[in-house]
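Each remark here refers to the structure printed beneath this line.
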Amino acid sequence: MIYFDNSATTKIDPQVLQTYNTVANDFWGNPSSLHGLGDHALQLLQSARQQIADLVGCAANEIYFTSGGTEGDNWVIKGTAMAKREFGKHIIVSSVEHAAVLNSAAQLEKLGWEVTYVPVDNQGFVNPDDVAKAMRPDTVLVSVMAVNNEIGAIQPITEIGEILKNYPTVHFHVDAVQSVGKNLWSQVLPERVDFATFSAHKFHGPRGTGFIYAKKGRALGTLMSGGGQETNHRSGTENLPAIAAMSKALRLAVTDEAKKAQHELALKQQLVDFLSALPDITIFSPVTANFAPHILCFAIAGVRGETTVHALEAKDIYLSTTSACSSRSGDESSTLKAMKVPEKLATSAVRISLDDANTQAEVDQFIKVFPTIYQRFERMNGRA
Amino acid sequence: MTHYYFDNAATTPMSPTVVTAMSQALADDFGNASSTHYFGRQSHHLLDQSRQVIANSIHAKTDEIIFTSGGTEGDNTAISGTAVSYREHGKHIITTQIEHPAVLKTMSFLEKLGYDITYLPVDEHGLVTAGQVKAALRPDTILVSIMTGNNEIGAIEPIAEIGAVLKNHQAIFHTDAVQAYGILDIDVQQMGVDLLSISGHKLHGPKGIGFLYMNEKVNLEPFMHGGEQEHLRRAGTENIPSIIGLAQAVKDLTPANKKAKREKLQSLKAILIADLKTNKVDFAINGPQPDQALPHVLNIWIKGLPSTLALMNLDLKGFAVSAGSACTAGSLEPSHVLTAITGDQDAPQISESLRVSFGDQNTEESVHLLAQAITEVTQDYLN
Ligand SMILES: Cc1ncc(COP(=O)(O)O)c(C=O)c1O
Ligand SMILES: Cc1ncc(COP(=O)(O)O)c(C=O)c1O
């Protein structure tokens, strides 16, 4: 079995699983409880927070735990809108954001906010000048993702940050869900970024847990109201086993990060070399410094993405049609659409997403079985 | 020192069956349930099965179950979702003074946005009546949110009667059943509720997972926007391992097991009360009579003994209990529930009460020891 769908979700690391089990068995108290069991849980919670803060390079009180990337994105976007509604009701997002950002913005639109969707060029990049042009006196938030989940484009966060230095009160949010373990920290989290969203299951942690970085002093309304956990910012009994497991997963993910990214890039390079030599294949994720090392999106002209996915699945190779969360409805990729890729080609797109556990042998196997499948498609399309 | 845990309303340890189910799911199942390939389909299948188990447990349809990250999210989704989605029908909401903060804080947030909230008072047992709800209803009432069982004093509200009152009114009926679900038989048809929220870690299931029952006739704006998971009603990659753990906890709660559990917890509670009486501890029960309350919750006022002191000394002796709920996050704020039932924010019981909450793992022997410890702590302080 070859799993090339690591952007959808990753397999939990055995050491992370071990942490989950240990904490679930030995530290199951409620961190808010005032007795010893609660105290132990609280201490563990705070040390997980400190460890994550150290790895991210911020203070512990700038890390808040969530139920995942979707909650983080919803929270920062709606929470900013709520906290700053007296100052303005205009927000700017890129047109290639994850649905968690786009649909949160759309919800705000329904409630009376104005949203500018900044376009991308035909490679999938936001032009920082477009952000500058979109800025208005009533703009309260700019949200641009670090690594696009469909094609792997690394957005110019640093450059956008430079522009936003002229607008010191505007919140700058980065959806960093796809960027962990790829040796991209300085590009993803330059100084000007105020908020960043992370999700554990994208870096071999458990599902249903994540965190946001929230710069100290930046006002954010709450999304989840209730018991006042997370210093009154995010209510709900803390999912301590998952949080401790996530902090372990993050530590493992950043260990030898450069080497792992290099390994993924080498595999991607071979796949790109192989695929781009074939006629009728379009590569959307070249091997360049502004594309992530783990994501490779390509299309075979005239062949629907699902068809390619299922043909490879029959060979025990698992990849996906662009992003997992829209793949059930069979929609075309929203990123490719924003890039103005013709619809027919966009519906042919598939995504390989790698991970450091993928091997040379797996790539060799892919290169071995792919031609037969490809030849069949070429014949079906009358091209061979 | 042996440690005894009597704080099961705050959280419960996962049961061994849940631990096994979860660890296995964590290790084996890593598909994203939205992916169309084999792993995705496999995960999706497990998701459907779990949803079925859960739907059956409350007599709901499979499509009426939405997985959430816990009770707080369920309450927030139900209340904010109704407020936003039904705002054209009115802006009046009815709730009670003794709801969990996940409900009350959401209400105060809505108040800031211009909604009009009626907080029904409760009697000395912590109960509201269907008559009170009826009297508070207005043509522009869009939501009634009343908990099934209270987390601090165990009051069981007359949900079915209130459901009957609301039958011919437009208002959506939500109940927070986080404390009640693991103990009482829950039948959404018979209760007449439209929305009901649950949290896994209160029933020996995993933390960070819960579900919201949403009657098929109700159509709420999602609380989490994003991918198309949960039939477009709750975005976010499905937390399959935790969902499997939750479904396992629910499977373990067959009606027969629940009945046995109620009887066991009720008898543990009776033992504690009897021992304290025998030991001549001067105490009173807050809220409903013990046999009228949720079997796992007992709230007692130990006259003259400050709660903070009692908590600390019991903890030193190895007994974990609480003063009110855990949820006021580590702080000992005066309980809004005790304030509501006494009608007096300076009532002595507000600072002199303990909540003991029982669970599967407690034994009769440990309850006798707890009674002994409470007696000693009381006597040491008062003599
Ligand atoms: C870029 C991006 N943002 C947000 C999310 C949402 O994360 P989660 O599924 O953990 O809620 C994902 C993954 O699905 C993603 O790829
Ligand atoms: C009655 C009630 N509602 C809601 C909650 C919130 O549940 P959770 O902490 O799992 O979000 C709790 C417990 O904390 C509760 O007791």
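The values are calculated or read from the model by the stated rules, or taken from the named source; none is laboratory data. Remember, predicted model here, so these are calculated numbers, not experimental data. Positions of Cβ are backbone-derived with ideal geometry, glycine not excepted, and every protein chain shown enters the neighbour counts. Heavy atoms of the whole protein, side chains included, go into the accessibility calculation; ligands, DNA and RNA do not. Shrake-Rupley method; radii C 1.70, N 1.55, O 1.52, S 1.80 Å.
Can you list, bin by bin at 10 Å, the percent of alpha carbon pairs in the protein assembly as shown, starting at 0?
Histogramming the protein assembly as shown at 10 Å steps yields 3, 14, 24, 24, 18, 10, 5, 2, 0, 0 percent.
Tell me which of A:106, B:115, A:32 sits at the most positive position along the dipole axis of the protein assembly as shown, charges placed on C-beta atoms (Lys, Arg +1; Asp, Glu -1).
It is A:106.
Calculate one ³J(HN,Hα) per residue across the range A:30-46 by plugging θ = phi - 60° into the Karplus curve 6.51 cos²θ - 1.76 cosθ + 1.60, and present them in order as whole Hz with x for glycine and proline.
Karplus-based 3J(HN,Hα) across the range A:30-46 equals 8, x, 7, 6, 8, 8, x, 4, x, 4, 4, 5, 5, 4, 5, 4, 6 Hz.
Taking H placed 1.01 Å from N in the peptide plane, check which residues at least 5 places from residue A:178 or on another chain put their amide H under 5 Å from its amide H.
Residues meeting the criterion, in which the H sits 1.01 Å from N, are A:147.
Return the carbon/sulfur percentage of the accessible area of the range B:47-119, one whole number, probe 1.4 Å, all protein chains in place.
49 percent
Given the -39500 (n - 2.57) contribution per DSSP H run of 4+ residues, what per-residue ellipticity at 222 nm results for the protein assembly as shown, rounded to the nearest 500 deg cm²/dmol?
Using -39500 (n - 2.57) per qualifying helix, the result is -12500 deg cm²/dmol.
Counting only protein heavy atoms and using a 1.4 Å probe, what share of the accessible area of the range A:1-144 belongs to carbon plus sulfur, as a whole percent?
The computed percentage sits at 51.
Using a 10 Å cut-off on Cβ atoms, rank the peptides B:337-343, A:307-313 from the highest mean neighbour count down.
So the order, starting with the most tightly packed, is B:337-343, A:307-313.
For a quick check: with amide H placed at 1.01 Å from N, whose amide H comes under 5 Å from residue B:7's, ignoring anything fewer than 5 positions away on the same chain?
So residue B:7 has HN proximity to B:357.
At a probe size of 1.4 Å, how large is the accessible area of residue A:44, to the nearest 10 Å²?
Approximately 40 Å² for this residue.
Whole-Å semi-axes of the range B:16-252's equivalent ellipsoid, largest first, each the root of 5 times a Cα gyration tensor eigenvalue?
For the range B:16-252, the ellipsoid semi-axes come out as 31, 19, 14 Å.
Which whole-Hz couplings ³J(HN,Hα) result when phi for each residue of the range A:297-303 is put into the Karplus expression 6.51 cos²θ - 1.76 cosθ + 1.60, θ = phi - 60°, listed in order with x for Gly and Pro?
Per residue, the Karplus-derived 3J(HN,Hα) values read 9, 8, 9, 9, 3, x, 10 Hz.
Give me the percent relative contact order of chain B, please, defined on Cα pairs under 8 angstrom at least 6 residues apart.
So the answer I get is 23 percent.
Using the crude model of +1 on Lys and Arg Cβ and -1 on Asp and Glu Cβ, and no other charge, please compute the dipole size for the range A:14-254 relative to its Cα centre, in debye to 20.
Around 260 debye, computed over the range A:14-254.
Rank these residues by their accessible area, most exposed first, probe 1.4 Å: B:169, A:35.
In descending accessible area the options line up as B:169, A:35.
With the dipole of the range B:84-173 worked out from charges on the C-beta (+1 for Lys and Arg, -1 for Asp and Glu) around the Cα centre, which of B:92, B:125, B:160 lies farthest toward the positive end?
Of B:92, B:125, B:160, it is B:92.
Output ³J(HN,Hα) for the range B:87-101: one whole-Hz value per residue in order, computed from phi by the Karplus curve 6.51 cos²θ - 1.76 cosθ + 1.60 with θ = phi - 60°, and x for Gly and Pro.
5, 6, 8, x, 10, 10, 10, 10, 9, 10, 6, 10, 5, 5, x
Need the C-alpha centroid separation for the range A:209-227 versus the range B:102-116, integer Å.
About 18 Å separates the Cα centre of the range A:209-227 from the one of the range B:102-116.
Which of the GluC sites (Glu not before Pro) found in the range A:64-128 are loop residues per DSSP with 11 or fewer other Cβ atoms within 10 Å of their Cβ?
Of the GluC sites (Glu not before Pro), the ones in loops of the range A:64-128 whose Cβ has at most 11 other Cβ atoms within 10 Å are A:86.
Using a 7 Å offset from the Cα along the Cα-to-Cβ direction at both residue A:258 and residue A:379, what is the distance between the two label points in nm, to one decimal?
Taking the simple label geometry, residue A:258 and residue A:379 are separated by 5.0 nm.
With +1 on each Lys and Arg Cβ and -1 on each Asp and Glu Cβ, how big is the dipole of the protein assembly as shown about its Cα centre, in debye rounded to the nearest 20?
Dipole about the Cα centre, nearest 20: 900 debye.
For the range B:225-287, what % of the accessible area comes from carbon and sulfur atoms, probe 1.4 Å?
Solvent-exposed carbon and sulfur of the range B:225-287 make up 58 percent of the total.
Say the cut-off is 22 Å between C-alpha atoms; which of A:11/A:260; B:258/B:317; B:277/B:303; A:110/A:344 go over it?
Violating the 22 Å limit, Cα to Cα: B:258/B:317; A:110/A:344.
Step through the table entries A:202/A:248; A:202/A:315; B:61/B:259; A:84/B:112, compare each Cα-Cα distance with 19 Å, and write down the pairs that go over it.
A:202/A:315; B:61/B:259
Mind listing, in residue-number order, the residues in the range B:225-260 that have at least 40 Å² less accessible area with every protein chain present than in their own chain alone (1.4 Å probe)?
Buried-area filter returns B:225, B:226, B:228, B:237, B:239.
Quick one: accessible area per residue over the range A:232-384, 1.4 Å probe, rounded to a whole number of Å²?
On a per-residue basis, 39 Å².
How big is the charge dipole of the range B:16-252 about its Cα centre, in debye rounded to the nearest 20, if each Lys and Arg gets +1 on its Cβ and each Asp and Glu gets -1 on its Cβ?
With only Lys, Arg, Asp and Glu charged at Cβ, the dipole is about 260 debye.
Need one number: buried accessible surface between chains B and A, 1.4 Å probe, both sides summed, DNA, RNA and ligands left out, in Å² to 100.
That pair hides around 5400 Å² of surface in total.
Looking only at A:164, A:354, A:278, which one moves most when chain A is put into a Gaussian network model with springs between Cα atoms under 10 Å?
With Cα springs under 10 Å in chain A, the top fluctuation among A:164, A:354, A:278 is at A:278.
Calculate the FRET efficiency for residue B:364 and residue B:333 from the Cβ-Cβ distance with a Förster distance of 30 Å, rounded to the nearest 0.05.
0.35
What Kirkwood hydrodynamic radius, in Å, does the range A:14-254 give when the mean of 1/r is taken over all pairs of distinct Cα atoms and then inverted?
The Cα-based Kirkwood calculation yields 18.2 Å.
What accessible area per residue, rounded to a whole number of Å², is obtained for the range B:3-123 using a probe radius of 1.4 Å?
Accessible area per residue, the range B:3-123: 33 Å².
Express the relative contact order of the range A:14-254 as a whole percentage, based on alpha carbon pairs under 8 Å and six or more residues apart in sequence.
Reported as a whole number, the value is 26 percent.
Of B:382, B:272, which has the most accessible area and how do the rest follow, probe 1.4 Å?
B:382, B:272
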